[in-house]
Amino acid sequence: RVLAALLSCGGDVMIASEAVETVECVVMRPECVDLVADQCVPVVLAILEHPDKYACTQVESVIELLSKIIRKSASTNKVPSILIEGCFPTLMMAMLQSDVDDILQPGCAVLRAYLREAPGELATLAVAGRSVPACFQEVGARLLGPEVADGVAAAAAPLLIQMVLREGEVHRDAIAGLLGMALERLAIAQTLQLRQALLVLFARLLVHDLSSTLAVLQAHSWSAAAPQGLPPGGGLGLLLVLWAREHSDLCGNYDMKVLSAALGVLLIHAPGEAMAMAVPGQMVVDVAEARMTRSQARVM
């Protein structure tokens with residue numbers, strides 16, 4: 001009845017939200033995981049195959065629900081096979097072919113959940129004659145393209161992080177190409193949401209594997225940035241310039257921790273290019289000022 005209400009709510013945000021929360025609570029009980037999966041698969045397939053028949057709220061809610069079911073079921077038992085064999089191929093084809101942002105944006109979170117929670121089960125699958133890693137790489141390249149909306153590209157950034165963590169060593173060249181696309185998309189990003197998502201992407205990878213990420217950045221040459229006021233040169237210099245431009249507008253506790261950790265790693269281990277980065281704005285602390293203890297400051 002809850003899922004039927006979700007499909008027939010006509011885009012009512014309150015009903016859709018309550019339905020997602022209700023199913024999420026049920027799937028946290030291990031004995032209910034298979035039942036929820038069986039009941040949700042027809043709903044997910046209906047949305048993916050005919051998104052034009054439903055309001056955007058319904059499409060987003062159902063796909064978001066699939067992501068939550070995968071994560072919750074994996075934490076209590078394992079991802080049900082019907083979600084692997086019944087939903088994953090259809091979702092992957094939608095991500096490869098659909099132009100509906102309401103599918104693409106939440107779909108990135110679902111693919112990330114699949115990759116994180118069921119990598120072994122995905123290894124045996126093929127989608128339209130292609131291997132699963134090849135499909136992930138094609139989706140990543142598609143969503144980082146310049147014609148894709150900034151919100152969708154921003155949603156693809158965490159997916160790309162998961163791809164690097166899971167497949168970076170095996171598919172090094174393909175991942176390097178995707179990171180080059182991410183860097184170029186960062187240079188032309190129109191929204192702070194996308195700029196922050198891509199900066200966090202590179203920061204997370206610098207913390208994860210500094211040498212490999214630096215190698216990718218330094219091998220990527222950039223010449224088209226000059227019209228936008230960015231200096232031509234290597235990818236690391238471009239990243240640092242963009243990072244310095246945006247630093248005062250970035251927010252979010254997790255993102256700030258990752259960015260700060262990456263900056264620390266760069267300052268300690270990276271080439272002198274990182275130390276030469278010019279950061280706009282007023283300095284909070286004068287680094288040339290002599291240190292003073294709190295007791296000395298109170299006396300003054």
Project the alpha carbons of region 14-170 onto their principal axes and report the range along each, largest first, in whole Å. 39, 34, 25
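When only the heavy atoms of the protein chains count and the probe is 1.4 Å, how do Met14, Met292, Met256, Met163 rank by accessible area, highest first?
On the way: Met14 125, Met292 95, Met256 70, Met163 0 Å².
The residues order as Met14, Met292, Met256, Met163, largest area first.
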Rotationally averaged projected area of region 158-224 (alpha carbon convex hull; nm²): 4.3
For Met256 and Ala141 in the same chain, what is the full-extension length gain: residue separation times 0.36 nm, less their Cα-Cα distance, in nm? 38.8 nm
With Cα springs under 10 Å, the Gaussian network model of the chain assigns the largest mean-square fluctuation among Gly235, Gly252, Gly120 to Gly252
Two decimals is fine: what is log10 I(q)/I(0) at q = 0.19 Å⁻¹ for region 112-218, from a Debye sum with one equal scatterer on every Cα and no solvent? -0.95
Grab the alpha carbons of region 1-79, take their convex hull, and tell me the volume per residue in Å³. 70
Between Ile268 and Glu18, what is 0.36 nm times their sequence separation minus the Cα-Cα distance? Round to one decimal in nm. 85.2 nm
At a 1.4 Å probe radius, carbon and sulfur cover how many percent of the accessible area of region 162-217? 53
Measure nothing fancy, just the Cα-based angle from helix 210-219's long axis to the longest principal axis of the chain, in degrees from 0 to 90, nearest 10. 80
Measuring from the longest principal axis of the C-alpha atoms of the chain, the long axis of helix 132-143 (C-alpha) lies at a number of degrees, nearest 10, equal to 60
Given a 1.4 Å probe, how much area per residue of the chain is accessible, in Å²? 50
What are the principal axis extents of the Cα atoms in region 19-65, in Å, biggest first? 34, 18, 11
Here the convex hull volume per residue of the chain, taken over Cα atoms and given in Å³, is 179
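Report, to one decimal in Å, the Kirkwood hydrodynamic radius for region 55-116 based on all distinct Cα pairs. Present the calculation step by step, with values, prior to reporting the outcome.
Details: mean 1/r = 0.0852 Å⁻¹.
With all distinct Cα pairs of region 55-116 included, I get 11.7 Å.
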Report, to the nearest 10°, how far helix 88-97 tilts away from the longest principal axis of the Cα atoms in the chain, using its own Cα long axis and a range of 0 to 90°. 60
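The values are calculated or read from the model by the stated rules, or taken from the named source; none is laboratory data. Everything numeric in this text was worked out from a predicted model, so none of it was measured. All accessible areas refer to the heavy atoms of the entire protein, side chains included, with ligands and DNA or RNA removed. Shrake-Rupley method; radii C 1.70, N 1.55, O 1.52, S 1.80 Å.
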